[in-house]
Structure formats: structure tokens, C-alpha cells
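Read the structure below first, then the notes.
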Amino acid sequence: MTHPSVYSDVASGDLCQVEAATNPHSSFPKVFAKMTEPSKVIHIRNVGHEISENDLLQLVQPFGVVTKLVMLRAKNQALLQMHDISSAVNALQYYTNVQPSVRGRNVYIQFSSHQELTTMDQNAQGRKGGEQDSQPNRILLVTIHHLLYPITVEVLHQVFSPHGFVEKIVTFQKSAGSQALIQYQSRQSAVQARNALQGRNIYDGCCQLDIQFSNLSELQVNYNNERSRDFTNPSLPSEQKGRSSQTGYGDAGGMYALQPPGARAVAFSQMGNAAAIAAAFSGGLPPGITGTNDRCTILVSNLNPEKIDEDKLFNLFSIYGNIIRIKFLRSKPDHALIQMGDGFQAELAVHFLKGALLFGKRLEVNYSKHANINAAPDTHEYAGSNLNRFNRNAIKNYRYCCAPTKMIHLSTLPPEITEEEIVSHLEEHGTIVNSKLFEVNGKKQALVLFETEEQATEALVCKHASTMDRSVIRISFSQLQTI
């Protein structure tokens, strides 16, 4: 890739500063060694040839939109320009305490001495990792950052339709996060929408739009539902015959099973992305969490073997990360091995669940000496389970991680459900002190306060993913103290 000569000067200035700050014998003037003022331009060193632009984007994208990226291959450096200074500051604050590593190579991040990159180079990489900024056309590729609320076809249509007639919308999940393709009737409408909405938030403080022109010429929509819509053909079916239209859950009787052959494998690598973790915890980590653990398998002991099983363990431990496999030890029925999606998720589970009470037993949760759990007839597979919470909205799920509390939060409830039905569904697990049913974006949710943390934990492990009026409900711990 060829870049304008202006970046040679930019790189030289940053290189002088790095050399003076890190080498006491440097011949560069000491003036360059002082701390650079915050800038929305980030300077990255030790960028080997094996590191791609997409690799670097994944380090910082969860902190905000990247507007420019220039690879300086000859110097093993790169320059990234964020949408604003606060996004760059959040990224630098996190990586001050956590060493960023890309493809096994440590990279070094600091503010650039320049406040902005200026170039007319159309070959520079755009905001989406690895994809060049395309020529304007009528289809937009939209990436949604800082996703705290569900973004459906209806929400996107409400946001984009004021700028022209929207013909089709398709939403999907990629490693970059939640994305959508939006097809306008005319290219002029798409250009107008991009100019008006780029970098804007759908909701206050979250769900930031990063918009590019797609290279596609026509979208193919097969179903009209919450994930895709053809506004020119309202007669399309809402789902494929014989399949559930609810995203994130399998069919009844096999909810915890692997996806069928040929289904896309869950990208667990994105769950271990340090930047997504940093975005969830506002650039820091919860007290007691180091972020350095690389052991993925956990040993849980002192279980109640008469009441616990693999699916109940899944319901509890999946609060802290995706689950790969679970295996009970035949020689010790109160012991189980749980393999998490990555070391950070395992650390969260160990930290928050050590000493938790469940079925009259205080759990012992520690790292296992085994690196992973081998597939076997007595091993339960969960790697492809649609119930793994971190397949979608990983940042939001990281943010909700906490130790068991007396309060649980219920979502994906039936639209006609009553508070009395919720209480009846849960009251066998303990004394319910208070409850509240409410709506968020037209969807029913509830809070239920139990007398003790143990009762709330039992309700969660037994009733998460249970069915109420044909809806599979989701349960997590709430950090609220009162209703």
C-alpha cells in the first residue's frame, strides 16, 4: 500500500519521541521525551508484517469509531485516528495497565504528537477492519459500537428512513460486532444518510453508528422478521418452516445442543479480545480481576450431586462467559470440570463464584490443572449452544458480570405475562420479597427480589432458559439493591 509522504514526517516525529523516552542514550533532544498531549491520533509501534490492519482495528474499535488508519510498514508502525479524543483517551488508559498483544507480538501504544491525520489517499483503510472504503452506492454497511440495547430492523428503519425510501435491511453478527446492510431506493438517499448519521448514537451515550458504503449491488432477503426485512415485499414468510424465529435459542428439547452440521462456528476468539473487555469495564477492570489469566478450565467442587447437573452448571457459569464443555468426575460426583471460552472469562467465574451458596453447599471454584476438557461420551458439549450468552452483545454481558445477588433480572418474557405468573414460576425456590414487571423498548422484563442470594441463585440455575407461554426466558443477576 502506498501512502502520502506527509506520513513519513508524522512517523519520524513520533519515532523521535519514542526513542528519547525509551533510550537514555538517545541523541534526540530531551524535549521529545515528555508526555505527549492527548490526541485522537494513536501511534502504535512494533507492528510486524504479520499484523494486519484488521488486527489493529480490533484493539481499539470498541472504544469508538476509527476514522483513519495508516500502516507504516517500513517502520513497523501504524497511526490510528479515532472519532474523538475521549475515545483515544479511553483506549490509552486501558492499555497503560494491560500489555496489548497481536498475533503473539507485543505492540506499544501512545498518543501521537499530531492532533489529526490529513490525507487524500483513497487507498487508506477505512473504519471497518480489512475492508477498503467503497465508492458511494445505495447499500450501506453499518457497524454498531457500544451496543447496550437490542437494535432490531424496526429500530434501524426508524433511524434511516427519514433520509429516503429504505427497500431492505439485513442484520447480522460479525467479529467487528453487530452489523447491518441497509439498501435504499437511490444512491443519493444513501449518501445523505451516511453524511447525516456517521458517528451518531442511536441512544444517548451508546449504540454508535459507523457507516460505510457496501460493495454489494443488491440485497437478498428471504424472511421478514426482526433480523431482516424486505419493505418492497411484505408477503415474505417470517421464518423458515420448522425452525424457531427467535434468535439465540435452539428448538425445544435441544436448547443446549450443538448447532447442526454446517452451522457457523461460534467465534470464541472475539470473546477474548482485550478491547471488548476494556470497553465493557470503561477502560479498567473490576477489583480483584487481573486480566492476565490464560487458564480456561475450572474445577468446581462441593456440589450437591443430588440436585445439580450439567445444564444447571451451564446456566450459572455462562453468566461469566461462553461454555465449551462440562464434565462431572466419575470418581468424585461432587466435582465438575468447566471449560470456558477464554482465560478472562474463567477468571471472572472463579472470582465471582468462589464461595457462592447453591443447594445448601458452598462452592469451591478454582483453576484446573487441565488445559481443556477432551471430548468423550460423558462430556457435555456447549461450544455451539445458542444459549451461550456472549455470542451476542458481549460488551453488555461483560458489564453485567457480578457475584450472586438477591435480585434476578428476567427478559425475553411473553408479551401477555403478568407479575403473578412470574412469581408463581419462581416461588418454589425461596421467599420472594418483592417483584416488578416493566417494559423496555416494548419488551416485557422483570426484577424479582429473593430473601437470600442462595435462593436467587437456585432460581437462576433452575429457571434460566425455561419456557413460559412458548417464550424461552433469560435470567441474570441484577446489581440493583432494591426495587
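Values in this text are rule-based calculations from the coordinates and carry no lab data. Just so it is clear, the structure is predicted and the values come from calculations on it, not from any experiment. Positions of Cβ are backbone-derived with ideal geometry, glycine not excepted, and every protein chain shown enters the neighbour counts.
Using alpha carbons only, the radius of gyration of segment 353-420 set against its Kirkwood radius gives Rg/Rh = 1.03.
With one equal scatterer per alpha carbon and no solvent term, the Debye-computed log10 I(q)/I(0) for segment 143-223 at 0.12, 0.22, 0.24 1/Å reads -0.31, -1.12, -1.34.
Take each peptide in 179-187, 388-396, 362-370, count the other Cβ atoms within 10 Å of every residue, and average; sorted highest first, the result is 388-396, 179-187, 362-370. Where q = 0.15, 0.31 Å⁻¹, what log10 of I(q)/I(0) comes from the Debye formula for segment 317-364, counting one point per Cα? Log-scaled intensity ratios, in q order: -0.41, -1.16.
I'd like the FRET efficiency for ALA196 and ARG399, computed as 1/(1 + (r/R0)^6) with the beta carbon distance as r and R0 of 30 Å, rounded to 0.05. E between ALA196 and ARG399, to the nearest 0.05, is 0.55. Other residues within the sphere of radius under 11 Å centred on the Cβ of HIS409, judged by their own Cβ, net out at +2 (K and R +1, D and E -1).
With Cα atoms defining each centre, segment 43-87 and segment 395-442 are spaced 41 Å apart in the structure. Rounded to the nearest Hz, the phi-derived 3J(HN,Hα) couplings of segment 367-383 under the Karplus curve 6.51 cos²θ - 1.76 cosθ + 1.60 (θ = phi - 60°) are 6, 8, 6, 7, 5, 7, 9, 6, 5, 7, x, 9, 10, 8, 8, 10, 4, where x marks glycine and proline. For segment 298-439, the equivalent ellipsoid derived from the alpha-carbon gyration tensor has semi-axes of 28, 18, 15 Å in decreasing order. Placing one identical point scatterer on every Cα of segment 361-400 and ignoring solvent, what is log10 I(q)/I(0) from the Debye formula at q = 0.13, 0.19, 0.26 Å⁻¹? Treating every Cα as an identical point scatterer, log10 I(q)/I(0) equals -0.49, -0.94, -0.96. Here each label is just a point 7 Å from Cα along the line to Cβ, and for HIS157 and LYS75 those points are 5.0 nm apart.
Annotation: amide H of SER368 within the under-5 Å range of THR297, ILE298, LEU299, sequence separation 5 or more or interchain, hydrogens built in the peptide plane.
Residue-normalised convex hull volume from the C-alpha trace of segment 293-334: 86 Å³ per residue. With K and R counted +1 and D and E -1, the other residues having a Cβ less than 12 Å from that of HIS157 yield a net charge of -2.
With the cut-off at 18 Å, tell me which of the pairs LYS396/LYS463; LYS406/LYS444; LYS406/LYS436 have Cα atoms farther apart than that.
Numbers: LYS396/LYS463 21 Å; LYS406/LYS444 21 Å; LYS406/LYS436 14 Å.
Those over the limit are LYS396/LYS463; LYS406/LYS444.
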